Amino acid sequence: MRFVWARRRTHMPPTTKARAPKSQSAKTPADSRPGPSSTRRKAATTAAVGVLPDEQLLGFYRQMVLVRRFEERAARAYTEAKIGGYCHLNLGEEATVAGLMAAVQAEDYVFTNYREHGYAIARGIGPERVMAELYGRVDGVSHGWGGSMHMFDIASRFMGGYGIVGGQVPLATGAALAIDYRGGTEAAVCLMGDGTTNIGAFHESLNIAALWGLPIVYVVINNGLGMGTSVELSSAEPDLHKRASSYRMASARVDGNDPAAVFQAAQAALASARAGKPYLLETVSGRLKGHSVVDPARYRTHEQAEALKAADPIAAYAVRLHEQGLLTDELIAQIDAEAMATVAAAAEFADASPHPDVATLFDYTYATPVPNDSRRLPGQALFPAPPRPAAVEFAGVPA
């Protein structure tokens, strides 16, 4: 360990570089402690600036609709027992998915948490491969062994979903260190939920990234609830992007229901990271359903649930594009039909894909062979049974 640290210190630039400037986030309202049912949504302060091409704005909408229809089909498949284990959906998060992933370049590395389906699709992984992985089939992203929470695709540099809260944060920071050590130009993007900001690894990782000037963007997707507990009840500072100021790290909060705003904020964050100044980006969006498909979300009042439906990012974005003359009722119907057809084809592909052979269970544990790695199946003894002593015949005692 001392050797590694010594190498890093030798490589580290002058201390002036390691000190990122104080937060350059957009101005935010004065510190306050709003309640769970407050108008916290309006606190998103980074607005879209400039003009994006019409085709890109329409592309955001197509991506959002595809993710919505995919997740609805996944929820249905779960009730049909085609998907096992846990399953967390991006319903309500589609604008953040579309805007963020459009800003990430092909050579960048993406780390996510367990709410990852939409990000995998937006990263360029085919919906049929994602659905097959949900079904636990051999043609899935992780050959059926990862499931909903653990997709991994090295070709697209999609470095996996992680079921342990915050488990991806130190790993993404390590990837950024590797990029910096090798002198690369790519960046690491680390996605997490709001609850992750309260664990030790979050603060340790941001501290190291700021000290060493690592090329990483930490993205907190703040849907207001860590499972069923509101951010205001679990975080002394509910404006989560402000936590970056403890490490002199640049940060911003953006309206996660506006894909164009997310895209432009992510572009700025990535530019900062590539310049050796890590960044914390907070996107504020809603979560239309429970924490997972089996969560009825009874911690919400009827009024809160209705308010979320009224703020549906896809419907709101469609209205905006319609007013700008980019969407018509006919085009809306066409895009929806195309998304439905894509998702139906993905479900058929998943249904037709075989289950993986149990003999391949350990084939993807390590990228390269590791000495003495265990190949023990569940229920098998850790050590072989000792040989039984030979039977001894005694006079007068039948064998």
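The values are calculated or read from the model by the stated rules, or taken from the named source; none is laboratory data. If you're wondering where the values come from, they're calculated on a predicted model, not measured in any experiment. All Cβ positions, glycine included, derive from the backbone under ideal geometry; neighbour counts span all protein chains shown. The protein model used for the area step is the full one, side chains on, heavy atoms only, and it has no ligands, DNA or RNA in it. Shrake-Rupley method; radii C 1.70, N 1.55, O 1.52, S 1.80 Å.
Observations on the model:
- Conditions (1) assigned to a loop (DSSP other than H, G, I, E, B); (2) under 20 Å from residue 97 (Cα atoms); (3) out of contact with any Cys (no Cβ under 8 Å at 6 or more places or on another chain): number failed by residue 297: (2)
- Within segment 76-127, the set of residues being of a type in the set (S, T, N, Q), part of a helix (DSSP H, G or I) and within 13 Å of the chain's Cα centre (by Cα) comprises just one member, 96.
- Matching residues, segment 105-132, being of a type in the set (A, V, I, L, M), out of contact with any Asp or Glu (no Cβ under 8 Å at 6 or more places or on another chain), crowded, with 21+ Cβ neighbours inside 10 Å and within 25 Å of residue 186 (Cβ to Cβ): 110, 121, 122, 130
- Scanning segment 129-144 for residues that are out of contact with any Phe, Trp or Tyr (no Cβ under 6 Å at 6 or more places or on another chain) and part of a loop (DSSP other than H, G, I, E, B) yields 135, 136, 137, 138, 139, 140, 141, 143, 144.
- Among residues of segment 295-306, those that are exposed (fewer than 11 other Cβ atoms within 10 Å of the Cβ), over 30 Å from residue 128 (Cα atoms) and not charged (D, E, K, R), counted: 1
- Within segment 76-101, the set of residues being open to solvent by less than 50 Å² (accessible area, probe 1.4 Å), farther than 17 Å from residue 132 by Cβ and either modelled with pLDDT of 95 or more or not aliphatic (A, V, I, L, M) (or both) comprises 88, 90, 92, 93, 94, 95, 96, 97, 98, 99, 100, 101.
- Each residue in segment 277-294 was checked for being assigned to a loop (DSSP other than H, G, I, E, B) and surrounded by 15 or more Cβ atoms within 10 Å (Cβ to Cβ), and 11 pass.
- Among residues of segment 168-189 that are without any contact (Cβ under 8 Å) to a residue 40 or more places away in the chain, none has a beta-carbon under 9 Å from a residue that is basic (Lys, Arg) and buried (at least 16 other Cβ atoms within 10 Å of the Cβ) at least six positions away or on a different chain.
- When 351, 363 are checked against the criterion of being in a loop (DSSP other than H, G, I, E, B), at pLDDT 85 or above and surrounded by 10 or more Cβ atoms within 10 Å (Cβ to Cβ), 363 stands alone in meeting it.
- Taking segment 356-387 as the range and being under 26 Å from the mean Cα position of the chain (by Cα), under 15 Å from residue 144 (Cβ atoms) and not acidic (Asp, Glu) as the test, the residues that pass are 356, 361, 362, 364, 365.
- When 137, 157 are screened for being in contact (Cβ under 8 Å) with a residue 24 or more places away in the chain and out of contact with any helix residue (DSSP H, G or I) (no Cβ under 9 Å at 6 or more places or on another chain), only 157 passes.
- Qualifying residue in segment 71-79 (condition: in contact with a His (Cβ under 7 Å, 6 or more places away or on another chain), charged (D, E, K, R) and within 29 Å of residue 217 (Cα to Cα)): yes
- Search result, residues across segment 307-329 that are open to solvent by 80 Å² or more (accessible area, probe 1.4 Å) and either of a type in the set (D, E, K, R) or in contact with a strand residue (DSSP E or B) (Cβ under 7 Å, 6 or more places away or on another chain) (or both): 309, 320, 323, 329
- Considering segment 145-247, the qualifying helices (runs of 4 or more DSSP H), each wholly inside and each with 2 or more residues that are open to solvent by 40 Å² or more (accessible area, probe 1.4 Å) and modelled with pLDDT under 95, run over 231-234.
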